[in-house]
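First the structure, in the form of structure tokens, and then the observations on it.
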Amino acid sequence: MTQRGRAARPTGPAGRSRRTDGSRGSDRAGAPRGDLAARRARLREVIEPVVTREGYDLEDLSVSRAGRRHVVRVIVDADGGINLDAVADVSRAVSAALDAAEEAGGDIVAGEYQLEVSSPGVDRPLTLPRHWRRNVGRLVRVTVRGAAPGRDGQPTGDRQVTGRVTAADDERVVLEADSGRSEHRYAELGPGRVQVEFSRLDEIDEADEFDGAGEDIDDDDDEDDVEDEER
């Protein structure tokens, strides 16, 4: 029997799905896509305090339509990473909070839904100081904006830098590249991207073990594509 408000599947790094703008059109069920954005905002009001209380950061939250149900995806992280047991604990806590909100009369999800809780994948962009801090020791590629003057006194222009993160705090990050060590304030940087290194494939393989963990609470709509996702 399909249950509402149950943590359907604690997963690893979230899989990709097709995204849409959300500003026009409608989802498969005929509801305006803007409704998904409003639903996402209501979900965040319920979910974010729970994740914070559990000791983690809510990195992303999305809601989409898959056939007759909604799919609610929650991505959480913490210093030192998050393992499968912690993902399962957060999933149960979030599920209980959604159940309580629904029973209190809140139109949180409206209809059947599947909850997926996961940790970030290595392809997630580094956009906040905590992202950089949690990736100290990793090789990262990032755009450095060219506000600083070069040797001729002229702005250097944007440039791509690939270097290892050797230190990071709330204000700046230190990169060790082939050209030497450099420090950058976060305002100078675009989103960073972790580079996969063959010598560290064992770390990636371990992260992939999260994929597919747990069980879906219903499987009658598994053939439906997830679409019209709002982030």
Legend entry - First in the stretch 119-138 and buried (at least 20 other Cβ atoms within 10 Å of the Cβ), second anywhere and in a loop (DSSP other than H, G, I, E, B), Cβ under 6 Å, 6 or more apart: SER119/ILE82
Legend entry - Criterion: part of a helix (DSSP H, G or I), among the aliphatic types (A, V, I, L, M), surrounded by 16 or more Cβ atoms within 10 Å (Cβ to Cβ) and without any contact (Cβ under 8 Å) to a residue 60 or more places away in the chain - qualifying residue of ALA86, ALA100: ALA86
Inset, instruction - May I ask you to say which residue of VAL109, VAL165, VAL174, VAL74 is under 30 Å from ALA38 (Cβ atoms) and modelled with pLDDT of 95 or more? - result: VAL74
Inset, instruction - Go through VAL76, VAL142 for me and flag whichever is touching a residue at least 12 places away in the same chain (Cβ under 8 Å), out of contact with any Cys (no Cβ under 9 Å at 6 or more places or on another chain) and in the same structural domain as GLU183 (by TED's automatic domain parsing). - result: VAL142
Legend entry - Answer residue from the stretch 24-33, given it is assigned to a loop (DSSP other than H, G, I, E, B) and surrounded by fewer than 16 Cβ atoms within 10 Å (Cβ to Cβ) and is modelled with the lowest pLDDT among those: ARG24
Inset, instruction - Within the stretch 50-63, work out how many residues are part of a helix (DSSP H, G or I) and free of Cβ contacts under 8 Å to residues at least 24 places away in the same chain. - result: 1
Legend entry - Residues of the stretch 34-52 classified as more than 16 Å from GLY111 (Cα to Cα) and modelled with pLDDT under 95, total: 6
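The values are calculated or read from the model by the stated rules, or taken from the named source; none is laboratory data. None of these values were measured; they are calculated from a predicted model. Ideal geometry is used to build each Cβ from the backbone, glycine not excepted, and the neighbour counts take in all protein chains shown.
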